[in-house]
């Protein structure tokens, strides 16, 4: 099982309202096959994680703040996703 599969499973276990979509580019020469987008119902934000192999490290990007981090382990990536997609006032942010 790849790191990205563990990350998706861990995020779903932590918050069932967070959905993950895998961007698959079909035109030749595109390098976006390693991009996963996480969104949470009711939150306009999205978090993208990127890795060409689906293994750590991942580049983690938050669309609203233009913030970028590197996630060296699946736990780092999951913690960042949950932090950035937390509902204000729910005690997770």
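Each value in this text was obtained by applying a stated rule to the coordinates, not by laboratory testing. Remember, it's a predicted structure, so these values are computed and weren't measured experimentally. We place every Cβ from the backbone using ideal geometry, glycine too, and count neighbours over all the protein chains shown.
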Per residue convex hull volume, Cα atoms of region 3-84, in Å³: 92
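How would you rank 56, 20, going from fewest to most other Cβ atoms within 10 Å of each one's own Cβ?
Sorted ascending by nearby Cβ count, the order is 20, 56.
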Quick one: which of 57-64, 38-45 comes out on top by average Cβ neighbours within 10 Å, and what's the full order, highest first? 57-64, 38-45
